[in-house]
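The values are calculated or read from the model by the stated rules, or taken from the named source; none is laboratory data. Model, not experiment: these values are computed from the prediction. Note that each Cβ is placed from the backbone with ideal geometry, even for glycine, and that neighbours are counted across all protein chains shown.
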Amino acid sequence: MIVLQDIHKHYGRVRANDGISLTLEPGRIYALVGENGAGKSTLMRVLAGHTRPTSGSIEISGQQVAFLTPTLARAHGVGMLYQDPLDFPAMPVWENFQLGAPGRTKREVIDVIGELSFRLDACFLPDETVSSLTVGERQLLELLRLLDLGATTLILDVPTTGITPVQKRDLFDLLMKLAREEKHTIVLVTHKLTEALEMADAILVMRQGALVSTLTPPYDEARLVQLMFGDAADGEGEGVPGLSDSGPVPRLRLDDALMAGPKYSMGPMNFSARPGECIGLAGLDGSGQELFLRGLCGLDRMPRGTLSLDGKAQPGNDFTALRSAGVHFVPADRLGLALFPDLTLREHIQLTFPGHAADMDAFYRSQCVERFNLRAHPDTRASELSGGNQQRLLLSLIHDDASLLLMEHPTRGLDAGSARQVWAHLNDRCRAGATLVFFSPDLDEVLDHSHRVVVFYDRAIAAVVDRAQATTEVVGALMAGKDPRDVLGETATGNSATGGGPGGGR
Amino acid sequence: MTDTFALTLAGILMAGAPLVLATLGETLTEKAGIINLSLDGSILLAAMAAFAVSVTFDSPWLGVLCGMGVGAAIAGVLGVIGIYLGQSQLAVGFILTLLARDLAYFLGHSFSRQPGPDLGLWTIPGIGTIPFIGPIFGSQSPVIHLSLAAIFLCWWWMYRTEGGMRLRAVGESPRAAFGRGIRVRLVRLYYCLAGGALVGMAGAAYSLAVKPGWGRPQGCEGAGWIVLAIVIFGGWNPVRAALGAFFFAALQVSGIYLQEVFPSIPAPVFQVAPFPIMILTLLAVNMGRVGWVQDMVRRNPVLKRLSQSWSIEAPAALGQDFDPRKGL
């Protein structure tokens with residue numbers, strides 16, 4: 001049993017955890033929910049010994065301590081699984097497994113991996129480097145490692161982004177088994193209420209650094225939403241904007257396009273999208289969707305084939321030429337690739353819209369404050385913005401005449417309210433005639449906001465699925481490599497082979 | 001003819017020995033995620049200290065130990081300031097290299113142009129008579145044996161021991177290493193010191209064997225900078241880095257021979273030539289990063305297999321600061 005007493009963790013003036021007391025009992029599954037910045041991850045890091053609380057105490061297996069270190073936490077059987085697996089991508093599987101464990105020879109380690117893999121229905125090649133595994137496999141490897149170290153309290157920080165529905169099912173079955181049969185304590189940090197409702201014996205709701213409530217079954221979903229977001233959470237997100245018939249010329253057209261990134265190449269592909277269409281890309285990490293997006297905007301090369309915009313061929317997908325032709329790319333790594341961390345909001349606007357030097361203040365107000373509700377001061381640096389405000393700033397930097405928006409994970413790290421605002425804006429853009437091609441590791445997001453879903457598997461387009469057919473089961477099966485003919489029926493065969501018919505909608 | 005060839009090889013081994021030692025040292029340090037730019041000054045100061053001690057105590061091996069100590073001490077300053085006080089490793093390294101160089105010339109002034117002991121030759125009985133091997137290894141400076149042993153030891157330690165695994169782990173992802181209970185900053189400091197000691201040994205190898213004696217210039221100036229390049233050339237792999245060091249030594253040694261063959265070409269050309277050739281070689285080794293080469297490699301299965309074993313990635317956390325108190 002683990003008892004947290006009055007845990008405070010302050011970062012400067014920010015109170016990430018503000019007096020949290022909590023008891024975790026063995027054999028139970030807890031879901032920890034709350035919006036972004038509610039302090040969930042901080043609390044779990046305190047519990048795993050990865051950060052020291054400012055004040056408070058922890059009672060773990062009868063022992064009272066002020067803080068835990070990774071070594072101490074491990075000695076008491078606490079193990080944490082991060083959203084981005086905290087491993088060593090350049091090193092082989094067996095070394096990743098062994099690092100931090102008591103001394104063993106390579107042969108012994110391989111035997112242990114084999115044994116655990118057999119028990120948990122996994123498969124790993126000990127000498128393969130971890131960078132060639134999918135995120136799901138890396139998480140599973142971490143889980144095996146923690147179990148091998150004797151972890152009896154498992155903390156999983158948003159474990160289901162980037163894995164298929166089937167992998168998720170397996171993971172949840174495994175967690176259920178560990179809790180029920182081996183009396184492990186499981187803490188599941190999640191953004192998805194359905195997961196919490198489905199799995200948890202108790203739902204812990206955090207808000208603004210405090211534990212506001214602990215719910216036990218039967219759950220009242222409306223009350224849970226109310227607790228998490230306060231009153232801001234009313235109203236469902238809208239789906240996709242209507243699609244008008246807009247003539248024969250596609251906005252985007254790929255003919256036998258071969259794309260080549262630093263790690264792999266893909267193609268030849270044929271694809272086209274209409275003005276106003278929302279195209280969602282689905283696929284496990286490294287299946288090709290990242291390269292597809294980066295190839296479309298000219299960040300990765302296209303050695304063969306043609307890319308046409310509004311019927312006009314764009315030779316050799318040059319980034320600058322494409323950009324002036326209306327292609328706009330918004331990367332998931334906002335601070336690293338899209339913003340200048342040390343420049344202020346105003347400077348960003350000045351750089352992007354150089355013609356507005358005279359009426360800067362008025363322009364800034366209309367562009368950022370009125371359209372995007374970006375309430376931060378114009379002299380704030382980009383690095384000081386929250387994830388939601390960074391994304392608002394990025395959206396406000398898109399020129400109005402951008403006709404093809406390419407977005408990597410548009411709502412990465414955003415809470416439900418901000419996410420809804422982002423999608424409302426993107427839908428407005430599409431209504432005005434822009435075409436959106438986006439990728440998200442969150443399959444529900446892809447399904448909710450796409451007219452058509454392009455599913456990638458094994459570095460190729462596996463199938464293009466219309467909205468009517470795109471369900472979690474269908475797309476999930478395609479992502480996992482099921483044959484499109486089996487999943488979609490005979491009609492889809494032609495579609496998948498050419499990677500989408502011309503014009504998109506029929 | 002074979003004897004000339006064997007003697008040339010012996011010359012390359014000799015000229016390459018200190019380069020190899022310093023390259024291995026810097027590879028160890030960088031593999032742990034720390035960049036030590038103080039190499040050039042460290043080598044010089046260690047060379048001076050090693051020579052001064054062996055003159056004073058008439059014991060060249062004590063000089064080697066002292067050189068190693070000096071190298072480790074300079075690396076220790078960098079380690080404490082860079083790792084524990086969180087300052088820029090690059091800035092501190094640069095300043096240290098200048099400081100160590102000036103200190104070496106200043107403190108070593110009284111030992112300048114003096115006769116002194118050197119490490120001499122090791123004669124291995126029974127080898128001298130074997131053709132080809134004999135002239136190379138039969139009677140040679142011990143720094144060659146040291147450098148060859150160091151290559152094997154470094155490789156073995158890095159890839160075959162638990163400690164080496166931890167070394168690579170802290171250079172790859174200090175956060176993940178910390179999460180697994182590894183004392184990241186301590187491990188980094190250890191390899192900073194160990195790397196510095198090897199660099200110091202390289203300095204001693206210069207003043208006690210390769211270019212015996214002390215003076216201004218000593219003759220090893222600039223070696224530290226080329227070593228920094230060779231570490232990258234070697235892809236942070238001790239064996240490949242050592243090959244790179246010998247390759248550079250071979251260029252230098254062959255320059256001396258070629259000078260005799262082509263007397264019409266001015267001598268400075270041969271002295272300078274190794275540097276641009278190094279850059280060209282680096283370019284050739286890293287061709288895999290160029291787009292059209294990648295396409296060609298993908299189409300050719302033989303090249304593809306080759307490129308996989310030849311890919312070069314820097315330690316992911318090279319030069320990055322890590323403070324466990326900030327947490328993960």
message: Which count do you get for residues in the stretch A:169-194 that are buried (at least 18 other Cβ atoms within 10 Å of the Cβ) and either modelled with pLDDT under 85 or basic (Lys, Arg) (or both)?
response: 2
- request: Write out, first by first residue and then by second, each pair whose Cβ atoms fall under 9 Å of each other, whose residues are 6+ apart or on separate chains, and whose first residue, in the stretch A:310-322, is in a strand (DSSP E or B) while the second is β-branched (Val, Ile, Thr).
  value: A:Ala313/A:Thr306; A:Gln314/A:Thr306; A:Gln314/A:Val327
message: Residues that are closer than 30 Å to B:Ala209 by Cα and in contact with a Leu (Cβ under 8 Å, 6 or more places away or on another chain), at least 3 per element: which helices (runs of 4 or more DSSP H) completely within the stretch B:140-179 meet that?
response: B:142-160
message: Tell me whether the stretch B:282-297 contains one or more residues that are modelled with pLDDT of 80 or more and either within 14 Å of chain A (Cβ to nearest Cβ) or surrounded by fewer than 18 Cβ atoms within 10 Å (Cβ to Cβ) (or both).
response: no
query: With respect to the numbered conditions (1) under 30 Å from A:Val474 (Cα atoms); (2) in contact with a Ser or Thr (Cβ under 7 Å, 6 or more places away or on another chain); (3) among the β-branched types (Val, Ile, Thr), which one is the sole condition not fulfilled by A:Thr344?
result: (1)
query: Of A:Asp84, A:Asp127, which residue is surrounded by fewer than 18 Cβ atoms within 10 Å (Cβ to Cβ), under 22 Å from A:Leu175 (Cα atoms) and out of contact with any Leu (no Cβ under 9 Å at 6 or more places or on another chain)?
result: A:Asp84
message: Need pairs with beta-carbon distance below 7 Å; first residue more than 7 Å from chain A (Cβ to nearest Cβ) and in contact (Cβ under 8 Å) with a residue 40 or more places away in the chain and within the stretch B:164-176, second assigned to a helix (DSSP H, G or I) and among the small types (Gly, Ala, Ser); sequence gap 6+ or separate chains.
response: B:Val170/B:Ala177
message: Quick check on my filter: what residues within the stretch B:1-39 are crowded, with 24+ Cβ neighbours inside 10 Å and polar (S, T, N, Q)?
response: B:Thr23, B:Thr27, B:Thr29, B:Asn36, B:Ser38
- prompt: Do the conditions hold for B:Arg305, that is, is it over 20 Å from the mean Cα position of the chain (by Cα), outside any helix (DSSP H, G or I), among the charged types (D, E, K, R) and more than 30 Å from B:Leu85 (Cβ to Cβ)?
  reply: no
field: Identity of the residue in the stretch A:107-142, under 24 Å from B:Pro315 (Cβ atoms) and of a type in the set (A, V, I, L, M), that ends up nearest to the chain's Cα centre (by Cα)
entry: A:Val135
- request: Please go through the stretch A:389-421 and pick out each residue that is under 16 Å from A:Asp333 (Cβ atoms) and at pLDDT below 80.
  value: A:Gly413, A:Leu414
field: Residue check, A:Val112 on the phi > 0 side of the Ramachandran plot and in the same structural domain as A:Val46 (by TED's automatic domain parsing)
entry: no
- request: Give the residue that is modelled with the highest pLDDT, with candidates limited to residues of the stretch B:312-328 that are out of contact with any Ser or Thr (no Cβ under 7 Å at 6 or more places or on another chain) and at the interface with chain A (Cβ under 10 Å from one of its Cβ atoms).
  value: B:Pro315
query: What helices (runs of 4 or more DSSP H) completely inside the stretch A:361-455 contain at least 3 residues that are surrounded by fewer than 20 Cβ atoms within 10 Å (Cβ to Cβ)?
result: A:416-431
task: Determine the pairs where a residue that is within 14 Å of chain A (Cβ to nearest Cβ), located within the stretch B:178-199, has a partner that is among the β-branched types (Val, Ile, Thr) with Cβ atoms under 6 Å apart, the partner being 6 or more residues away or on another chain.
output: B:Phe178/B:Val184; B:Gly181/A:Thr71; B:Val184/B:Val170; B:Arg185/B:Ile83; B:Val187/B:Val170
task: Keeping to the stretch A:134-153, report how many residues are in contact with a helix residue (DSSP H, G or I) (Cβ under 7 Å, 6 or more places away or on another chain), of a type in the set (A, V, I, L, M) and modelled with pLDDT under 85.
output: 0
task: Take A:Arg294 and decide whether it is surrounded by 17 or more Cβ atoms within 10 Å (Cβ to Cβ), modelled with pLDDT of 90 or more and charged (D, E, K, R).
output: yes
message: Just the residues that are free of Cβ contacts under 8 Å to residues at least 12 places away in the same chain, of a type in the set (S, T, N, Q) and surrounded by 19 or more Cβ atoms within 10 Å (Cβ to Cβ), please, taken from the stretch A:87-124.
response: A:Gln98
query: Out of the stretch A:35-61, which residues are without any contact (Cβ under 8 Å) to a residue 60 or more places away in the chain, more than 12 Å from every other protein chain (Cβ to nearest Cβ) and among the polar types (S, T, N, Q)?
result: A:Ser55, A:Ser57
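Yes/no per residue for (1) of a type in the set (Val, Ile, Thr); (2) without any contact (Cβ under 8 Å) to a residue 40 or more places away in the chain; (3) closer than 26 Å to B:Gly164 by Cα:
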| position | (1), (2), (3) |
| --- | --- |
| B:Thr8 | yes, no, no |
| B:Gly11 | no, no, no |
| B:Leu19 | no, no, yes |
| B:Thr23 | yes, no, yes |
| B:Glu30 | no, no, yes |
| B:Leu44 | no, no, no |
| B:Phe51 | no, no, no |
| B:Thr56 | yes, yes, no |
| B:Trp61 | no, no, no |
- prompt: Hey, among the residues in the stretch A:464-491 that are of a type in the set (A, V, I, L, M, F, W, C) and in a strand (DSSP E or B), which one's surrounded by the most Cβ atoms within 10 Å (Cβ to Cβ)?
  reply: A:Val465
- prompt: What's the number of the condition A:His191 fails, among (1) within 30 Å of A:Leu284 (Cβ to Cβ); (2) outside any loop (DSSP other than H, G, I, E, B)?
  reply: (2)
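Conditions tested, residue by residue: (1) over 22 Å from the mean Cα position of the chain (by Cα); (2) within 14 Å of chain B (Cβ to nearest Cβ); (3) surrounded by 14 or more Cβ atoms within 10 Å (Cβ to Cβ).
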| position | (1), (2), (3) |
| --- | --- |
| A:Arg304 | yes, yes, yes |
| A:Ser308 | yes, no, yes |
| A:Gly311 | yes, no, no |
| A:Gln314 | yes, no, yes |
| A:Asp333 | no, no, no |
| A:Ala338 | no, no, yes |
task: Among the residues of the stretch A:14-30, write down those that are basic (Lys, Arg) and farther than 15 Å from A:Arg52 by Cα.
output: A:Arg28
task: Search the stretch B:180-208 for residues being part of a helix (DSSP H, G or I) and basic (Lys, Arg), and hand back the single one that is nearest to B:Ser141 (Cα to Cα).
output: B:Arg188
message: With the structure loaded, tell me whether B:Val227 is away from chain A (no Cβ under 14 Å), among the hydrophobic types (A, V, I, L, M, F, W, C) and farther than 30 Å from B:Ser88 by Cβ or whether it fails that test.
response: no
task: Can you give me the number of residues within the stretch A:82-112 that are more than 16 Å from B:Gly163 (Cα to Cα), facing chain B (nearest Cβ under 10 Å) and in contact with a helix residue (DSSP H, G or I) (Cβ under 7 Å, 6 or more places away or on another chain)?
output: 5
